[in-house]
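The values are calculated or read from the model by the stated rules, or taken from the named source; none is laboratory data. These numbers come from a predicted model, not from an experiment. Positions of Cβ are backbone-derived with ideal geometry, glycine not excepted, and every protein chain shown enters the neighbour counts.
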Amino acid sequence: MIEIKDLTVEVEGKVVLNGLNLDIKPGEVRVLFGPNGSGKSTLIKAILGFDNYNITGGEIIFKGTAIKDLSTDERARLGIGVLFQHPPKIRGVKLRHLADLIAMDGADKERLAEALNVGYLLDRDINLNFSGGEVKRSELFQVLSQKPDMLLLDEPESGVDIENVALMGKTLDSFIRDNRISALVITHTGYILDYVKAKNASVMVDRNICCHGSPRKTFNVIRKYGYGKCRQCKCK
């Protein structure tokens, strides 16, 4: 689905990713662990083509197409969807109207709204005075309405209580399996692993991927020993 080859990214002249390699197959869910500042969110923003995230080396191949010279909206139209860690507030734009604009043919918005309990938010300005759980459920409703081929999830459980994590996780897992889409899931807490079935995990340390393993074992090693063991790749 996506192949990242020798990717080097600079932000304001500083190298943030250095020669990173990663590939995700169709239908694969891969978890990405790493300490704060290791470059995880930078990877997502580089895949999306955000301004100021300058790719100075390597390639990003999505569904067989090199995308590093495409605009962000062109990448989204190819089938990349993202759930941001800190989505913005959008005054004057109703959630319902945005969903109508971005929903792909065949997206069951009513079913999604019910599953994620966002029906009462549809006629409110996006994220304005929303609670943490409402923001994340709204964001997930938007991205799933796009029916992407690949999901990029930047800490979906961040700032969300256990009840909302369960609701989002079950909806995500069902959507991924029903549509056989790929996903890259960044997590610090590991709570999302209770609901989203992932078989593979990678660990990012010092601007690169240092280790691969099973999600549960990798998370348990990190929790017990910290990221030092990952540098030795003891998570397999």
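Counting the residues of the stretch 1-55 that are under 25 Å from residue 229 (Cβ atoms), of a type in the set (Asp, Glu) and not in a loop (DSSP other than H, G, I, E, B) gives 1. If you check 134, 157 for being part of a helix (DSSP H, G or I) and among the acidic types (Asp, Glu), only one passes: 134.
Within the stretch 24-60, the residues that satisfy the criterion of being more than 16 Å from residue 9 (Cβ to Cβ) and surrounded by 15 or more Cβ atoms within 10 Å (Cβ to Cβ) are 24, 28, 29, 30, 31, 33, 35.
What are the residues in the stretch 205-218 that are in contact (Cβ under 8 Å) with a residue 24 or more places away in the chain, in contact with a helix residue (DSSP H, G or I) (Cβ under 7 Å, 6 or more places away or on another chain) and either of a type in the set (S, T, N, Q) or part of a helix (DSSP H, G or I) (or both), if any? Hit for the stretch 205-218 is 215, nothing else.
Here residue 181 meets each of (1) within 19 Å of residue 197 (Cβ to Cβ); (2) of a type in the set (A, V, I, L, M, F, W, C); (3) out of contact with any Asp or Glu (no Cβ under 8 Å at 6 or more places or on another chain) with one exception, condition (3). The residue that is modelled with the lowest pLDDT, among those in the stretch 71-99 that are surrounded by 17 or more Cβ atoms within 10 Å (Cβ to Cβ) and among the β-branched types (Val, Ile, Thr), is 82. Does residue 183 count as among the hydrophobic types (A, V, I, L, M, F, W, C), in a strand (DSSP E or B) and touching a residue at least 60 places away in the same chain (Cβ under 8 Å)? Criteria met by residue 183. Cβ-Cβ distances below 7 Å connect the following pairs, each with a first residue in the stretch 100-117 that is modelled with pLDDT of 85 or more, a second residue that is not in a helix (DSSP H, G or I), and a separation of six or more residues or different chains: 113/122. When residue 202 is tested against (1) among the polar types (S, T, N, Q); (2) part of a strand (DSSP E or B); (3) touching a helix residue (DSSP H, G or I) at 6+ places or on another chain (Cβ under 6 Å), exactly one condition is not met: (3).
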